[in-house]
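Step one of this worksheet: look at the structure below.
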Amino acid sequence: MEHARSQNIDVYLASGIVGFATGIIFASLSHMTAPATIVAGAVGVCLLIIATFIQRARSYTLFASLFICAFVLGAYRAEIAKPNTKDFENNIGTSVTVEGLIVDEPSAKSYGDSFTLETPGLSFSVRTKSNMNLAYGDTVLVHGTLARPENFMTDQGTEFDYISYLYKNNIVYQIKNASATVLEHNHGNWVVAHLIPVKNVIVKSFHRILPAPQADLLAGLNLGVKANIDPQFRDDLVTTGTIHMIALSGYNVTVVANALQSFFVDILGLSMRVASASGALCIVLFVVMTGMQSSAIRAGIMALIGLFARTKGRTYDAFRALIVAGFLMILYDPKYLVYDVSFQLSYLATLGILFVTPVLERAFARVPKKVAYIIPLRELMSVTLGAQTGVLPFILYKMGTLSLIALPANVAILPAVPLAMGFGALAGLIGAFSLGLAYPASLITHYLLSYITGAVQFFARVPFASVVIKHFPLWLCLFIYVCLIYWLYRKWNSEKVEQN
């Protein structure tokens, strides 16, 4: 009885969350008028009333009413999250003057500085015509030419959706050839303002202990800093399906979370409660310091839920944690769901790991569990292929790049990544104070990074390592996912029958 009640609660919660997400998608991709929203909300309320008083119609009617009410709330949330463009819509191509706050760390380019300018209800991507002494948290007066961003073609011959890439950060317009006058300093978030210098000190320490290419890769692995990574090597990462290493994905956050747990519990010997609280604080600070990328936020929330469950002695359900993390994120900013490719890929990859990987582990029963006593070959193959299965249809639709070498490349490279991150972090920390003391850890890091870069370049040079599919329709992407869900459902049913 209790189990059935729990299942009913799960179904009702699922209907609400799915309805909320569907409302966001509908409102983001179309213009839902106020009368239509009111009518849909009224229908939902009526069904809810019917479900309250009519016992026989309660189950399905309550399900439908929750879905519709949540759909309306999702559509409303998406509408109020849309940027306010009415003051600038007619000024494209003209000179504008805008006062706002710099909300990211300005990046020095050959043409000048690049940064995000935030104003009430709207943000701008600003490119100055010369390098200026600007910093996060500065309130500035920007004067330049207003322009709309445009999509562009990548080196692989596919179109990059630059408009959506900016829109996820509430950016609709660019201000080019700009000049900026600083009005005030230190108006940004206090925590972010103090973590940015910490990150820069760590990156500088990486460059003190390692040559530039390896230091840049280590900064990408540990901190998600990709600006200085060689473009050719970045293309090799795409070709081999290992670009997620420097994207600060859930994998990187998981490595950090596991390292923190080992440090606080196994090395310092702290109690589980103190270790969990310390680990939670470090995870939050790490996610903030690395720029609060959507994939890292998702993984960070799941890690926090796991720490809370461990502290309370509860069972950690990764799928429910994923649902909670996703719901909290789209509740905070609905643009994550529709426009943030990193969020979408991270979510799909995690779903693939949770549902496809167990099936593949049983299928790979004859594959050795470990090679050379330390490399978990079966797990690596299952997790890699599970994640690739989850994201592949979407990658083909969104990017058109199919890596045929991704499985062997990831199996060969991923075991070295957490070691490189760990020894690199240790060497960077010690190297900030003493190069001599950091030498042993930096030497190990050097060999690990040399192996990673060499393996990436080797697999990228394999003939037909990747192919480009320029036009992969959305309907085909969705059809593949439907077939995948049906296949998993059949597998789950057959295994349930075998167990009984």
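Looking across segment 126-153 at every residue that is free of Cβ contacts under 8 Å to residues at least 24 places away in the same chain and within 30 Å of the chain's Cα centre (by Cα), the one that is surrounded by the most Cβ atoms within 10 Å (Cβ to Cβ) is identified as Asn151.
With respect to Asn252, determine if the residue is more than 29 Å from Pro408 (Cβ to Cβ) and either in contact (Cβ under 8 Å) with a residue 24 or more places away in the chain or outside any loop (DSSP other than H, G, I, E, B) (or both). No; evaluated as a whole, the condition is false for this residue.
Applying a threshold of 8 Å to beta carbon distances and a minimum spacing of six or more residues, or different chains, the list of pairs starting in segment 347-359 at a residue that is outside the structural domain of Glu379 (by TED's automatic domain parsing) and ending at one that is of a type in the set (Lys, Arg) is empty.
Results for (1) in contact with a Leu (Cβ under 7 Å, 6 or more places away or on another chain); (2) buried (at least 21 other Cβ atoms within 10 Å of the Cβ); (3) over 30 Å from Trp487 (Cα atoms); (4) among the hydrophobic types (A, V, I, L, M, F, W, C), shown as yes or no for each residue.
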| site | (1), (2), (3), (4) |
| --- | --- |
| Ile374 | no, no, yes, yes |
| Pro393 | no, no, no, no |
| Leu396 | yes, no, no, yes |
| Leu429 | no, no, yes, yes |
| Pro440 | no, no, yes, no |
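Please tell me if Arg273 is in a helix (DSSP H, G or I), charged (D, E, K, R) and under 23 Å from the mean Cα position of the chain (by Cα). Judged against the criteria, Arg273 is not a match. Here is the figure for segment 204-247: residues that are closer than 21 Å to Ser295 by Cα, free of Cβ contacts under 8 Å to residues at least 40 places away in the same chain and in a helix (DSSP H, G or I) total 6.
Give me a count of the residues in segment 321-346 that are more than 22 Å from Gly224 (Cβ to Cβ) and in contact (Cβ under 8 Å) with a residue 24 or more places away in the chain. Looking only at that region, the number is 5. Annotation: of all residues in segment 337-372 being of a type in the set (Gly, Ala, Ser) and surrounded by 19 or more Cβ atoms within 10 Å (Cβ to Cβ), the one that is farthest from Tyr481 (Cα to Cα) is Ser342. Take the residues in segment 364-392 that are touching a strand residue (DSSP E or B) at 6+ places or on another chain (Cβ under 9 Å) and among the aliphatic types (A, V, I, L, M); name whichever of them is nearest to Ser346 (Cα to Cα). The selected residue is Leu392.
Among the criteria (1) without any contact (Cβ under 8 Å) to a residue 24 or more places away in the chain; (2) closer than 30 Å to Val103 by Cβ; (3) among the small types (Gly, Ala, Ser), the one Ser271 does not fulfil is (2). Within segment 213-233, the residues that satisfy the criterion of being of a type in the set (A, V, I, L, M) and over 17 Å from Tyr447 (Cβ atoms) are Ala219, Leu223, Val225, Ala227, Ile229. Per this entry, Ala303 is not counted among residues that are part of a helix (DSSP H, G or I), at pLDDT below 90 and touching a Leu at 6+ places or on another chain (Cβ under 6 Å). Checking each residue in segment 369-396 for being out of contact with any Phe, Trp or Tyr (no Cβ under 9 Å at 6 or more places or on another chain) and small (Gly, Ala, Ser) picks out only Ala372. If you check Gly313, Gly400 for being on the phi > 0 side of the Ramachandran plot, surrounded by fewer than 19 Cβ atoms within 10 Å (Cβ to Cβ) and touching a residue at least 12 places away in the same chain (Cβ under 8 Å), only one passes: Gly400. Can we say Ile92 is in contact with a Lys or Arg (Cβ under 7 Å, 6 or more places away or on another chain) and either at pLDDT 95 or above or of a type outside the set (Gly, Ala, Ser) (or both)? Yes: the conditions hold for Ile92.
Against the criterion of being closer than 22 Å to Thr22 by Cα and at pLDDT 85 or above, Ile80 qualifies.
Among the listed residues Leu443, Leu474, Leu449, which satisfies the condition of being farther than 23 Å from Thr239 by Cα and either under 26 Å from the mean Cα position of the chain (by Cα) or not acidic (Asp, Glu) (or both)? Answer to the selection: Leu443.
Of everything in segment 441-475, what is without any contact (Cβ under 8 Å) to a residue 12 or more places away in the chain and in a helix (DSSP H, G or I)? Give them in sequence order.
So in segment 441-475, the residues without any contact (Cβ under 8 Å) to a residue 12 or more places away in the chain come out as 443, 447, 454, 458, 461, 463, 475.
Result: Leu443, Tyr447, Gly454, Phe458, Trp475.
Does segment 168-181 include one or more residues that are surrounded by 14 or more Cβ atoms within 10 Å (Cβ to Cβ) and assigned to a helix (DSSP H, G or I)? No, segment 168-181 has no match at all.
The values are calculated or read from the model by the stated rules, or taken from the named source; none is laboratory data. Just so we're clear, the structure is a prediction, and the values are computed from it rather than from any experiment. Neighbour counts run over all protein chains shown; Cβ positions are idealised from the backbone, glycine included.
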